[in-house]
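Okay, structure first, notes after.
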Amino acid sequence: MLGKLIKYDFKAMFRSLYPIYVALIALTTVFSLMVKFNFDQGLLFTIFAFLFVAALNGSIIACVFFVVTRFSHGLLKNEGYLSFALPVSTATHILAKVINAIIWAFIEGLMLCVCMVIMGTVMGSIKEVAFFFQEVFRAFDLIERDVLVAVLQVIVFLILEMIASVCLIYAAMAVGHLFSKNQKMIAVAFLIVVFVLRSFLWVSLVDLTEVVAGPTHMFVDDLMLIIPPIVLTGLYATLTWFILDRRLNLE
């Protein structure tokens, strides 16, 4: 059932986002061609440059907006009657929304990379793009193992932080739904409070790692990167589950 929920949400978001991505690729291609053939002056170029930048930023905003909208409409509004009528636990509903959000975050990143490749190919040449990637892979071969491990740790940390951020947004929406009025303002206030508390938490963790000395220092640093987002994700998800499972009011 989890797979069906993810598939349903994915299709719903795909219908909304694919026109934006098609427009982004088209504008990227046209903008790159104009630069390549020196049509980089005048009102027409300015218009296309503006549209390209707007589409680039708009795709990111749209992705976040539809991720939030799918959670709100699917679990907190009228569609929630149908969702919670299914033989699926509340935790499964939340997990499906989180997985769908992560999938679309990676798709958004992939689309931005595609735009970069299009610009590099059109403005330069396929050989130059291929040479660039060859040099990148060659550089990886020259990088020391410790550096690669550090890069991998940063990537894992960013993924965990992204998951924690998604769960935080869902928790804020759930908290706001507890109130009959000013739900959005309460959700935003919740986010601000959590961000402030997280800042104090990070400062405390940094101070703690500075106290640690000796051979365990690097190990503690690694734990300080990984453990906080995991713990926070669990707290946000638990809060969201409790509200949706015990305090949800769709009337």
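Residue check: is L44 in a helix (DSSP H, G or I), surrounded by fewer than 16 Cβ atoms within 10 Å (Cβ to Cβ) and touching a residue at least 12 places away in the same chain (Cβ under 8 Å)?
no
List pairs: first residue in the range 87-110 and at pLDDT below 95, second residue outside any helix (DSSP H, G or I) anywhere in the structure, Cβ distance under 6 angstrom, at least six positions apart or on different chains.
V88/M1
Just the residues that are of a type in the set (V, I, T) and surrounded by fewer than 19 Cβ atoms within 10 Å (Cβ to Cβ), please, taken from the range 72-105.
V88, T90, T92, I99, I102, I103
Condition first: out of contact with any helix residue (DSSP H, G or I) (no Cβ under 6 Å at 6 or more places or on another chain), of a type in the set (A, V, I, L, M) and under 16 Å from I118 (Cα atoms). Now tell me which residues in the range 36-60 satisfy that.
A49, V53, L56
So if I check each of V175, V166, V203, which one is of a type in the set (V, I, T), modelled with pLDDT under 85 and either in a helix (DSSP H, G or I) or over 30 Å from R247 (Cα atoms) (or both)?
Only one candidate passes the filter, namely V203.
Can we say A49 is at pLDDT below 85 and hydrophobic (A, V, I, L, M, F, W, C)?
Working: at pLDDT below 85: no; hydrophobic (A, V, I, L, M, F, W, C): yes.
No; evaluated as a whole, the condition is false for this residue.
Yes or no: L148 of a type in the set (A, V, I, L, M) and at pLDDT below 90? So that I can check it myself, show each step before the final result.
Numbers: of a type in the set (A, V, I, L, M): yes; at pLDDT below 90: yes.
Yes; evaluated as a whole, the condition is true for this residue.
Have a look at N38, N57 and point out the one that is exposed (fewer than 13 other Cβ atoms within 10 Å of the Cβ) and not in a helix (DSSP H, G or I).
Values: N57 fails: not in a helix (DSSP H, G or I).
Going through N38, N57 in turn, the sole match is N38.
Got at least one residue in the range 62-71 being more than 17 Å from the chain's Cα centre (by Cα), surrounded by 14 or more Cβ atoms within 10 Å (Cβ to Cβ) and assigned to a helix (DSSP H, G or I)?
The answer is no; no qualifying residue exists.
Kindly indicate the residue of the range 172-200 that is in contact (Cβ under 8 Å) with a residue 24 or more places away in the chain and out of contact with any Phe, Trp or Tyr (no Cβ under 8 Å at 6 or more places or on another chain) and also surrounded by the most Cβ atoms within 10 Å (Cβ to Cβ) among those meeting that condition.
Going through the qualifying residues, I end up with A174.
For the range 85-97, does any single residue satisfy the condition of being within 24 Å of M162 (Cβ to Cβ) and touching a Cys at 6+ places or on another chain (Cβ under 9 Å)?
Yes, that holds for at least one residue.
The values are calculated or read from the model by the stated rules, or taken from the named source; none is laboratory data. Keep in mind that what you see is a predicted model, and the values were worked out from it rather than measured. Neighbour counts run over all protein chains shown; Cβ positions are idealised from the backbone, glycine included.
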